[in-house]
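**Student:** Here it is, the structure, as structure tokens.
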Amino acid sequence: MTEHKASTAEIIRASLKRRYRAERRFRLYGLLAVCFGLLAVLLLLTDIIGKGHGAFRQTYVQLPIHYDPELLGIGDATDPETLMRGDYQALVRQALRARFGEVSGRAEARELNALVSDGAGYELLARLRARPALLGTSETLWLLADDDVDTWFKSRGGSNEFTGRVSERQIAWVASLAEQGEVALRFNANFFTRGDSREPEEAGIGGAAKGTLLTLAITLLLAFPIGVAAAIYLEEFAPKNRWTDFIEVNINNLAAVPSVIFGLLGLAVFINFFQMPRSAPVLGGVVLALVTLPTVIISSRAAIKSVPPSIREAALAVGASKMQVVLSHVLPLAMPGMLTGAILGMAHALGETAPLLMIGMVAFIVDVPGGFTESATVLPVQIFLWADSPERAFVEKTSGAIMVLLAFLTLMNALAVVLRKRLERRW
């Protein structure tokens, strides 16, 4: 009997040891999975930041510019039409030749002129338009360098794989300018203020960022009030029957529908039937509101359900109507959860690309949009366009735009967490 008891105790201890070992293995597997996920995210961020940090700096070349009326072919700087006829890039070529002397041959001249961006002439035009008195005078300016020169200058001193796009003569010229302090890396404000461009050194996310804000504003104005109103009706007023069950099932199904389907809906209904302007923030906002609406409704209903029934019963006991109970008691207590769901839904809409491609927001937009009905693009689509560009300088532009988009998403998710922590009540 004693031997039997001893053997039973040993069996139990052995079973417990196996169970404890299994639990330790399970915790270890979970820890390894978390570490693997964090490592993958770290590698991804390292790659993006390593490629994109250069987008926030730009190479500039210092040149003395003489606004020669004869070279420009204009005599009156106060006439806008006359100003537009001037060859302002010729002023840049003249300054480069004056700095390095006469070049021999057309090939060498092209290499010398390629040190400075082709968009420098537009900057000179803007300065002369703002100050007509500059005609016939000289001033020293910092002008944008060409994208190949910019890429080489940022990577100089290390393992340079981009030298093939910059000739030996150009390297010598840039080195000569650098010795005199006439080449410098400066903060690239144009990256945040300008629209898209075919020249990488002039391209910026200003137009896409403003288009994104305008689109999200329309999305929020439509999705949040409609989603909250639908959630209140379904939870507080709608009778429980087959019709409401059918609506609830379809709302849950819409949350899982691929977003490109909403883009097709926008193309077929809002563009072809209602004739809304293509590639405009108002159209993009309406389509993204449809994408976001199921998320807002589901999160709002969950927030309403979390309000204790005793709150409603107490309000009804003192004579409040059903509408007063909802507006004065249930809605304020459920609002933190609703706001959190709305912000997460907006973050989801911020990263959407497929539905916007279907409604034409993939267009090449140079100007920064001035309103809800003007042509615009958004950050995810801008990233998509730049990622498909052949120029090497667009790689850092793409990664830099991804960094800005991730910053927006992180900010919105952090805002959702802060609102939930500050406003939620524990029962």
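**Student:** Might you check whether a residue that is assigned to a helix (DSSP H, G or I), small (Gly, Ala, Ser) and touching a strand residue (DSSP E or B) at 6+ places or on another chain (Cβ under 6 Å) occurs anywhere in region 82-104?
**Tutor:** yes
**Student:** Something else now. Is it the case that Asn253 is without any contact (Cβ under 8 Å) to a residue 60 or more places away in the chain and under 25 Å from Met338 (Cβ atoms)?
**Tutor:** yes
**Student:** Sticking with this structure for a sec: How about region 38-65: which of its residues are surrounded by 16 or more Cβ atoms within 10 Å (Cβ to Cβ) and more than 34 Å from the chain's Cα centre (by Cα)?
**Tutor:** Leu63, Ile65
**Student:** A further question follows. Could you check, for region 318-335, whether at least one of its residues is of a type in the set (Gly, Ala, Ser) and closer than 24 Å to Ala407 by Cα?
**Tutor:** No, region 318-335 has no match at all.
**Student:** Could you grab me the full set of residues in region 375-417 that are small (Gly, Ala, Ser), within 11 Å of the chain's Cα centre (by Cα) and over 12 Å from Asp196 (Cβ atoms)?
**Tutor:** Residues satisfying the conditions are Ser399, Gly400, Ala407.
Residues are listed down the side, and each one gets a yes or a no for (1) assigned to a helix (DSSP H, G or I); (2) free of Cβ contacts under 8 Å to residues at least 40 places away in the same chain:
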position	(1), (2)
Leu267	yes, no
Met276	no, yes
Ser279	no, no
Val287	yes, no
Arg301	yes, no
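**Student:** May I pose another question? Taking only region 305-353 into account, find how many residues are assigned to a helix (DSSP H, G or I), over 30 Å from Phe384 (Cβ atoms) and not hydrophobic (A, V, I, L, M, F, W, C).
**Tutor:** The total comes to 12.
**Student:** State whether one or more residues within region 366-378 are aromatic (Phe, Trp, Tyr), over 15 Å from Thr215 (Cα atoms) and not assigned by TED's automatic domain parsing to the domain that holds Asp47.
**Tutor:** No, region 366-378 has no match at all.
**Student:** Can I ask one more? Can you find even one residue in region 320-329 that is among the β-branched types (Val, Ile, Thr), more than 22 Å from the chain's Cα centre (by Cα) and at negative phi?
**Tutor:** yes
**Student:** Does Gly164 count as outside any helix (DSSP H, G or I), outside the structural domain of Val325 (by TED's automatic domain parsing), modelled with pLDDT under 90 and among the small types (Gly, Ala, Ser)?
**Tutor:** Taking the combined requirement at face value, the residue does not satisfy it.
**Student:** A further question on this structure: Going through Phe246, Phe224 one at a time, which residue ends up being in the same structural domain as Leu344 (by TED's automatic domain parsing), buried (at least 18 other Cβ atoms within 10 Å of the Cβ) and farther than 27 Å from Ala387 by Cα?
**Tutor:** Exactly one residue qualifies, and that residue is Phe224.
**Student:** If you check every pair at least six apart or on different chains, which have Cβ atoms under 9 Å apart with a residue in region 123-143 that is part of a strand (DSSP E or B) first and a residue that is basic (Lys, Arg) second?
**Tutor:** If the second residue must be basic (Lys, Arg), the pairs left are Glu139/Arg127; Leu141/Arg127; Trp142/Arg186.
**Student:** A further question follows. Given Asn272, Asn241, Asn253, which one is out of contact with any helix residue (DSSP H, G or I) (no Cβ under 8 Å at 6 or more places or on another chain), within 17 Å of Gly345 (Cβ to Cβ) and modelled with pLDDT under 90?
**Tutor:** Of Asn272, Asn241, Asn253, the one residue that is out of contact with any helix residue (DSSP H, G or I) (no Cβ under 8 Å at 6 or more places or on another chain), within 17 Å of Gly345 (Cβ to Cβ) and modelled with pLDDT under 90 is Asn253.
**Student:** For region 130-155, how many residues are under 17 Å from Leu63 (Cα atoms) and of a type in the set (S, T, N, Q)?
**Tutor:** Count: 3.
**Student:** Related question: For region 398-420, does any single residue satisfy the condition of being among the basic types (Lys, Arg) and either touching a His at 6+ places or on another chain (Cβ under 9 Å) or crowded, with 18+ Cβ neighbours inside 10 Å (or both)?
**Tutor:** The answer is no; no qualifying residue exists.
**Student:** Looking only at region 241-294, which residues are over 21 Å from the mean Cα position of the chain (by Cα) and among the β-branched types (Val, Ile, Thr)?
**Tutor:** Hits for region 241-294 are Thr244, Ile247, Val249, Ile251, Val257, Ile261, Val269, Ile271.
**Student:** Here's a follow-up. Please specify each residue of region 77-128 satisfying the condition of being of a type in the set (Ser, Thr, Tyr), out of contact with any Phe, Trp or Tyr (no Cβ under 8 Å at 6 or more places or on another chain) and surrounded by fewer than 16 Cβ atoms within 10 Å (Cβ to Cβ).
**Tutor:** Listed by number, the residues that qualify are Thr78, Thr82, Ser104.
**Student:** Let me ask something additional. Mind listing whichever residues of region 363-397 are without any contact (Cβ under 8 Å) to a residue 60 or more places away in the chain and either of a type in the set (A, V, I, L, M, F, W, C) or in a helix (DSSP H, G or I) (or both)?
**Tutor:** Those that are without any contact (Cβ under 8 Å) to a residue 60 or more places away in the chain and either of a type in the set (A, V, I, L, M, F, W, C) or in a helix (DSSP H, G or I) (or both): Pro380, Ile383, Phe384, Ala387.
**Student:** Right, something else. Working only within region 183-205, note down all residues that are surrounded by fewer than 17 Cβ atoms within 10 Å (Cβ to Cβ) and either of a type in the set (A, V, I, L, M) or closer than 21 Å to Arg97 by Cβ (or both).
**Tutor:** Answer for region 183-205, where residues must be surrounded by fewer than 17 Cβ atoms within 10 Å (Cβ to Cβ) and either of a type in the set (A, V, I, L, M) or closer than 21 Å to Arg97 by Cβ (or both): Ala184, Leu185, Ala189.
**Student:** Report yes if Thr219 is farther than 24 Å from Ser300 by Cα, of a type in the set (Ser, Thr, Tyr) and in contact (Cβ under 8 Å) with a residue 12 or more places away in the chain, otherwise no.
**Tutor:** So Thr219 does not fit the description; no.
**Student:** Please give the number of the condition Val381 fails out of (1) of a type in the set (Val, Ile, Thr); (2) out of contact with any helix residue (DSSP H, G or I) (no Cβ under 7 Å at 6 or more places or on another chain); (3) under 30 Å from Trp152 (Cβ atoms).
**Tutor:** Of everything listed in (1) of a type in the set (Val, Ile, Thr); (2) out of contact with any helix residue (DSSP H, G or I) (no Cβ under 7 Å at 6 or more places or on another chain); (3) under 30 Å from Trp152 (Cβ atoms), Val381 misses just condition (2).
The values are calculated or read from the model by the stated rules, or taken from the named source; none is laboratory data. As the structure is a computational prediction, the values presented were derived from the model and not from experiment. Note that each Cβ is placed from the backbone with ideal geometry, even for glycine, and that neighbours are counted across all protein chains shown.
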